[in-house]
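Peer 1: To start, I am sharing the structure in question, which I have written as structure tokens.
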Amino acid sequence: MSLAVLSSCSQPSPTAATEDSATVRVVETPGPTSQPVLVGSDLIPRDIPCFGPSIDACRYVSPELKAAYADPRACDGNQRRVCLLPIGNVPLWQIEQLVAYFKRTYQLELSVLPAWDASDRLGGSMNSTSEWKLNYSRLEGELRVRLGEVVQTNGKIVALTPVDMHSSAENADSFVFGVKSRDYYTGEPLWGMISTFRMNPQTFGDRSNDDLWFERIRKLFTKYVGVTYYGLDEDQIPSSAMYQPLYSLRALDGIHGDLSVTASTPLPAPKSVSLLPIRAQAPCHGSQFLDCLKVLPQVSAQADNECRAEGRTLCLMVLGAVPWDQVLDVWDYLTSQGVRVDLGPAFDIPESFVSSGLERIPALPVTSHLLKTRPELLSQSELSFLFLTPVDIGNLSGTQPSYVEVFKDGTSNAHRYAVVPTFRINPSTFGQEDDEVWRTRIRKLSLRSAGFVFFGMPFSVDMESLLKSSLYSPEAVDRLRNSLPP
């Protein structure tokens, strides 16, 4: 019996591309190409900057860029401010011209943070090509951890990268010019990410034109400053700096206006945001991490060694130090929702599976390894499995944090295995004690998992459905309904 990783939603269109998300439109036909390769909706030459063999020169920050902007406190403060974050080897001239432009045009000082490498924590190679892209969902998670305090103190981050970018793992064939994020509860703008890769005329085989390239970058950067710093609304005027449907380079080139602001324009009143970095003494973090790999004695005493399939049955299994009252609550709640639950074995998590350099467990290798030790469970075709764990989990490599993982049975091709980690949905992880919120989130994700592996339900495009295709934050879990669709 083998496990196969589940793609976290239905297959996307390979031609999706937008400014703000990766779901709807196609860019115009690109210019002439030589030895092209199909990437998303576009034919792109192989011998262009930031692609193929030249990608590493763009992913990793140069010594010159590191030296130019080395102050980690460059964006400290409490006032509303704009922080430019280079990701990858952004050309110095682009940063310098952006800083000069906003100073000259809007009397606005841009603070430049030290650049990040576009590491494998933030992206990866796509599908059958060697094309490497930034993954916005990974990048957003890293921003929450590393720069959450900047955002909480009214800093507005606009990231700039020369590397191609897509919005999330399930949209690997698509691309975005940029993505913006807001706080779910207050609507407060948090940050924007801009990829300059497809704004470069050379990307589509045209001659180098740095003036045109910079003008495109400046326009989208200006719009993101308008949204995040000035709190301006987007509009439907094609020539406006705040034009919303930027689905193509043609639309970007059609913008001719500037922001309707001056140095005396009042700024929006600050709103609280729900972003917090993981606190040093969070449960199952730091000095407590290794202890959370071990099953608690009370659970060991209660856990059954077998799950008995009497018709369709969900086998509830414990990984690591899950409290017994949490196990009982999930069992009782799922039973009340019509799920037949039986308690299975509890497992310690092998330290050898901890992702290198991270306090995180790759869900698929761990669960696959443990289930293979119990072939008598796997042989019962009417059993599906739900693992509950208190530690942070990730994808196959463990590099990308996850809020729930669902896998297919490699033999039947049906969803059979789910893992619910309680680490990132625990408010105390981020310094906010609220056991009721934590319990509600655990129940939601457990019922979501049962929807897939017990009831065999498909993913949903409804953004508030328990079966929504992707979850990237605790706020997204809070937004989900409390019940499965009929």
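The values are calculated or read from the model by the stated rules, or taken from the named source; none is laboratory data. Keep in mind the model is a prediction, meaning the values are calculated, not measured. Glycine gets a Cβ as well: all are built from the backbone with ideal geometry, and neighbour counts include every protein chain shown. For the accessible areas, the whole protein counts, side chains as well, though only heavy atoms, and no ligand, DNA or RNA atoms are used. Shrake-Rupley method; radii C 1.70, N 1.55, O 1.52, S 1.80 Å.
Peer 1: Which peptide among 372-383, 145-156 comes first, and what is the full order, when sorted by highest mean count of other Cβ atoms within 10 Å?
Peer 2: On the way: 372-383: 13.7, 145-156: 18.5.
Ranking, from highest mean packing down: 145-156, 372-383.
Peer 1: Separate question: So what does His256 come to for accessible area, using a 1.4 Å probe and Å² rounded to 10?
Peer 2: Surface accessible to solvent at His256 totals approximately 150 Å².
Peer 1: Also, I was wondering about something else. Return the lysines within reach of Lys103: Cα separation strictly under 24 angstrom, same-chain partners fewer than 8 residues apart disregarded; answer none if there are no such residues.
Peer 2: Partners within reach: Lys66, Lys156, Lys180, Lys219, Lys223.
Peer 1: Using the Kirkwood radius over Cα pairs, work out the Stokes-Einstein diffusion coefficient for the range 320-361 at 20 °C and 1.002 mPa s, in µm²/s as a whole number.
Peer 2: Numbers: Rh = 12.5 Å.
D, rounded to a whole number, is 171 µm²/s.
Peer 1: Another question, then. Apply 1/(1 + (r/R0)^6) to the Cβ-Cβ distance of Asp329 and Ala280, taking R0 = 22 Å, and write down the FRET efficiency to the nearest 0.05.
Peer 2: 0.20
Peer 1: Another one. With the Cα gyration tensor of the range 288-372 in hand, give its eigenvalues times 5 under a square root as the equivalent ellipsoid semi-axes, listed largest first in whole angstrom.
Peer 2: Details: eigenvalues 120, 43, 27 Å².
Over the Cα atoms of the range 288-372, the ellipsoid semi-axes are 25, 15, 12 Å.
Peer 1: Quantify, in whole percent, the carbon and sulfur part of the accessible surface of the range 288-400 (1.4 Å probe; protein heavy atoms only). Don't jump to the answer; show the numbers that get you there.
Peer 2: Details: 2340 of 4550 Å².
About 51 percent, which is the carbon plus sulfur part of the accessible surface.
Peer 1: Straight-line reach from Lys372: which lysines have a Cα under 16 Å away, not including same-chain ones fewer than 8 places off?
Peer 2: Lys408
Peer 1: Amide H of Lys156 versus every other amide H placed in the peptide plane: which residues, excluding those fewer than 5 positions away on the same chain, fall under 5 Å?
Peer 2: The answer is Arg81, Val82, Cys83.
Peer 1: For the range 384-486, what is the charge dipole size about the Cα centre, in debye to the nearest 20, if Lys and Arg each add +1 at the Cβ and Asp and Glu each add -1 at the Cβ?
Peer 2: 320 debye
Peer 1: Right, here's the next one. Multiplying the sequence separation of Lys103 and Met463 by 0.36 nm and subtracting their Cα-Cα distance, what value in nm do you get?
Peer 2: Here the segment from Lys103 to Met463 would lengthen by 125.6 nm.
Peer 1: Would you kindly derive the ³J(HN,Hα) couplings of the range 68-77 from the backbone phi angles with the Karplus curve 6.51 cos²θ - 1.76 cosθ + 1.60 (θ = phi - 60°), listing them in order in whole Hz, with x for Gly and Pro?
Peer 2: Karplus-based 3J(HN,Hα) across the range 68-77 equals 5, 9, 10, 8, x, 9, 4, 10, 5, x Hz.
Peer 1: Can you order the peptides 447-459, 339-351 by their average number of other Cβ atoms within 10 Å per residue, highest first?
Peer 2: Result, highest mean first: 447-459, 339-351.
Peer 1: Considering amide H positions built from the backbone, and no H for Pro or chain starts, which residues 5 or more places from Leu232, or on another chain, come under 5 Å of its amide H?
Peer 2: Placed amide hydrogens put Val227 under 5 Å from Leu232.
Peer 1: Rounding to the nearest 20 debye, state how big the charge dipole of the range 91-239 is about its Cα centre with +1 on each Lys and Arg Cβ and -1 on each Asp and Glu Cβ.
Peer 2: For this selection, approximately 220 debye.
Peer 1: Just round it to a whole percent: the fraction of Cα-Cα distances in the range 179-257 exceeding 19 Å.
Peer 2: Distances greater than 19 Å cover 38 percent of the Cα pairs.
Peer 1: Check which residues have an amide H placed less than 5 Å from Glu188's amide H, if you skip close sequence neighbours.
Peer 2: Asp183
Peer 1: Under a plain spin-label model, where a point goes 7 Å from the Cα along Cα-to-Cβ, how far apart in nm are Val437 and Ser300?
Peer 2: 3.4 nm
Peer 1: I'd like to compare 187-196, 204-213: which one has the highest average count of other Cβ atoms within 10 Å, and what's the full order after that?
Peer 2: 187-196, 204-213
Peer 1: Determine the dipole magnitude for the range 439-486: charges of +1 sit on the beta-carbon of Lys and Arg, -1 on that of Asp and Glu, nothing else is charged, the reference point is the Cα centre, and the result goes in debye to the nearest 20.
Peer 2: 200 debye
Peer 1: Another question about this same structure. Once you place label points 7 Å from the Cα toward the Cβ at Ser336 and Thr262, how far apart are they in nm?
Peer 2: 6.0 nm
Peer 1: Within the range 274-427, what percent of beta bridges assigned by DSSP are antiparallel, to the nearest 5?
Peer 2: Of the beta bridges lying entirely in the range 274-427, close to 25 percent run antiparallel.
Peer 1: Can I ask one more? Please list 3J(HN,Hα) in residue order for the range 199-205, calculated via the Karplus relation 6.51 cos²θ - 1.76 cosθ + 1.60 where θ = phi - 60°; whole Hz, with x for glycine and proline.
Peer 2: After applying 6.51 cos²θ - 1.76 cosθ + 1.60, I find 8, 7, x, 5, 4, 10, x Hz.
Peer 1: Through the Karplus equation 6.51 cos²θ - 1.76 cosθ + 1.60, θ set to phi - 60°, convert the phi angles of the range 248-263 into ³J(HN,Hα) values in whole Hz; use x for Gly and Pro.
Peer 2: 7, 5, 4, 5, 5, 5, x, 6, 10, x, 10, 5, 8, 9, 9, 4
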